[in-house]
Amino acid sequence: MTAQTDTTGPVTTVFKVSGMSCGHCEGAVSGEISQISGVSSVTAVAKTGEVTVVSATPLDEEAVRTAVDEAGFELAGRA
């Protein structure tokens, strides 16, 4: 028997967030999402409403929704 090694890498997920209009908005959303366990990178773009999240494992969408709500915006779902 041989041992199996998990060779999966980081998971990238793109979410749509409504209401972002400026750099401050991007920072607020990024800051809240980056506090979720396992998240290594967050890039929010107000112009498109897209937030790209890189994490060690797939994220629970409700955790992302809660973080976005804390920042004062609304998660529209996955892009």
With the structure loaded, tell me whether residue 4 is at pLDDT 95 or above and assigned to a loop (DSSP other than H, G, I, E, B) or whether it fails that test.
no
Residue 18 vs. criteria touching a helix residue (DSSP H, G or I) at 6+ places or on another chain (Cβ under 9 Å) and either modelled with pLDDT of 95 or more or within 14 Å of residue 78 (Cα to Cα) (or both)
no
Would you pick out the residues in the stretch 50-65 that are surrounded by 18 or more Cβ atoms within 10 Å (Cβ to Cβ), over 15 Å from residue 31 (Cβ atoms) and not polar (S, T, N, Q)?
59
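The values are calculated or read from the model by the stated rules, or taken from the named source; none is laboratory data. The structure displayed is predicted, hence computed values, not measured ones. Note that we place each Cβ from the backbone using ideal geometry, even for glycine, and neighbour counts take in every protein chain shown.
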